[in-house]
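Novice: Before anything else, here's the structure in question.
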Amino acid sequence: MLIGALLRVPAQAIHRRIIKELNAAGFEDLQLPHIAVLQFPGPDGVRPSTLAERAGMSKQAMNRLLQSLEGLAYITRSDAPDEGRARIIRFTKRGRAAYSKIHDILRDIEREWKAELGPKDFGQLKELLARVWESSLIR
């Protein structure tokens, strides 16, 4: 099987689990597409165009997601200081709580994977993925 599929499947499973657990924790209005905004490193203090680039989507599609999250009171959009018409995203209190819950869920997933793979194999996997993250392969 090709590496792309081997990486995509666990990422999709993690995203589905995040949404399922967020919904169960009281953030029932969040849906899978919102992950494009809420994924690491998060939208707080970032311009919509940067979020669109990170997610690999058009600015228009990102703006629709941002409108949704703003309507659900997870984010606000405001003028960027000293940048003309530029806008930046800020978490609301509810948005910070949801983002914090995402970190809790991801820590749980890491603990489960470590138990399943064993500390040595898990450490090697994490080290390899960190090297890819920092390399030119993903740019």
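All of the numbers you see were taken from the coordinates with simple rules; none came from a lab. All values derive from a computational prediction rather than experimental measurement. Don't worry about glycine lacking a Cβ; one is built from the backbone with ideal geometry, like all the others, and counts go over all protein chains shown.
Novice: Could you tell me which residue of the stretch 37-63 is nearest to Y74 (Cα to Cα), considering only residues that are in a helix (DSSP H, G or I) and touching a Lys or Arg at 6+ places or on another chain (Cβ under 8 Å)?
Specialist: Of the residues in the stretch 37-63, the ones in a helix (DSSP H, G or I) are 37-38, 48-55, 59-63.
Narrowing the set further to residues that are touching a Lys or Arg at 6+ places or on another chain (Cβ under 8 Å) leaves 48-49, 52.
Details: P48: 15, S49: 18, A52: 18 Å.
Looking at the filtered set, the residue picked out is P48.
Novice: Can I ask one more? For I105, work out the one condition from (1) under 18 Å from I18 (Cα atoms); (2) free of Cβ contacts under 8 Å to residues at least 12 places away in the same chain it doesn't fulfil.
Specialist: Unmet condition: (2).
Novice: While we're here: Evaluate the following for I18: is it outside any loop (DSSP other than H, G, I, E, B), crowded, with 19+ Cβ neighbours inside 10 Å and under 15 Å from the mean Cα position of the chain (by Cα)?
Specialist: yes
Novice: Against the definition (in contact with a strand residue (DSSP E or B) (Cβ under 8 Å, 6 or more places away or on another chain), of a type in the set (D, E) and either over 24 Å from I138 (Cβ atoms) or in contact (Cβ under 8 Å) with a residue 40 or more places away in the chain (or both)), how does D29 come out, yes or no? Explain how you work it out, then say what you get.
Specialist: Working: in contact with a strand residue (DSSP E or B) (Cβ under 8 Å, 6 or more places away or on another chain): no; of a type in the set (D, E): yes; either over 24 Å from I138 (Cβ atoms) or in contact (Cβ under 8 Å) with a residue 40 or more places away in the chain (or both): yes.
No.
Novice: Please find, within the stretch 78-99, the residue that is surrounded by the fewest Cβ atoms within 10 Å (Cβ to Cβ) out of those that are in a strand (DSSP E or B) and within 18 Å of the chain's Cα centre (by Cα). Before the answer, list the steps.
Specialist: First pass over the stretch 78-99, keeping only residues in a strand (DSSP E or B): 78-79, 87-91.
Applying the additional criterion that residues be within 18 Å of the chain's Cα centre (by Cα) yields 88-91.
On the way: I88: 18, I89: 24, R90: 14, F91: 20.
Looking at residues that are in a strand (DSSP E or B) and within 18 Å of the chain's Cα centre (by Cα), I get R90.
Novice: State all residues of the stretch 47-77 that are within 14 Å of I35 (Cα to Cα), of a type in the set (G, A, S) and surrounded by 12 or more Cβ atoms within 10 Å (Cβ to Cβ); if no residue qualifies, say none.
Specialist: A52, A55, A61, S68
Novice: Another question, if that's okay. Which condition number does E28 fail, the rest of (1) within 26 Å of V132 (Cβ to Cβ); (2) of a type outside the set (A, V, I, L, M, F, W, C); (3) surrounded by fewer than 14 Cβ atoms within 10 Å (Cβ to Cβ); (4) in contact with a helix residue (DSSP H, G or I) (Cβ under 9 Å, 6 or more places away or on another chain) being met?
Specialist: Of (1) within 26 Å of V132 (Cβ to Cβ); (2) of a type outside the set (A, V, I, L, M, F, W, C); (3) surrounded by fewer than 14 Cβ atoms within 10 Å (Cβ to Cβ); (4) in contact with a helix residue (DSSP H, G or I) (Cβ under 9 Å, 6 or more places away or on another chain), only one is false for E28: (1).
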